[in-house]
Amino acid sequence: MRLSGMLETLDARLAQAHGGELGHLDFLQVLCKDEITRRETVAFQRRLVRAKFEQQVTLEEFDFTASSKLPAAQIRGLGALRWLHAGESVILFGPVGVGKTHVAQALGHLAVRQGAHVRFAKTSRILADLAGGHADRTWEKRIRELVRPDVLILDDFAMRQLNATQADDLYELVSERQGRSLIITSNRAPSDWYPLFPNPVVAESLLDRLINTSHQVIMNGPSYRPNKRPKNPTSKPDDPKIK
């Protein structure tokens, strides 16, 4: 009957029942809860694997004190996931190393915990994958796989100039995902994305649709990465290696 959650706790629950801790109805209810818990745990782990996060990070472990310029209240507010339920998107932009990818994956992790299906990928890899679809005629299948998740995280968006095919692929992806959330990280402000598109009409259509339905978070300040760098236990406090 595929009730392994019950099977795993059956002996313990029987011992509780024999000891008078559980009545007949309580015994059945607890066993059902054990099974539900097991199924929820398995489903969560499956969604986590499918998300393909680079790192398993959470919003709770992000160091908001790393920079006074970080919009801590705005980021914590996004943790409520109202944007996800409204089908809106999130754009995190700022200089290299301020923690954009951490926050993006942490928001994705929260969404997974709430039962959402999430996919994380570098934007360059998404574009390369779609280019492969043009080559072997599997583009339709590949784009459907990117449209399906409740949240698609595009990391390192707008890193470089796009060619016409890449711009068209992004347009199709954003258009097909209308009503489904995106999380985008970028080193450039959204206003600086337009010149990267070879066709101004495509740029205007795509970015207007994307930017106007997104929560924009400016993440500024010094690099967050040195705070996560392992300390050398043999180094002295004045060792230049740990400065």
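The values are calculated or read from the model by the stated rules, or taken from the named source; none is laboratory data. Given the structure is predicted, the values throughout are model-derived calculations rather than measurements. Ligands, DNA and RNA are excluded from the accessible area calculation, which covers all protein heavy atoms including side chains. Shrake-Rupley method; radii C 1.70, N 1.55, O 1.52, S 1.80 Å.
Observations on the structure shown:
- Order of exposure, largest accessible area first, which applies to 102, 215, 134 with probe 1.4 Å: 134, 215, 102
- Carbon/sulfur fraction of accessible area - region 91-149, other protein chains in place, 1.4 Å, %: 51 percent
- Taking all protein chains into account, the per residue accessible area for region 90-184 stands at 41 Å² (1.4 Å probe).
- Ordered from highest to lowest accessible area with the whole protein assembly present and a 1.4 Å probe, 138, 213, 65, 185 read as 65, 213, 138, 185.
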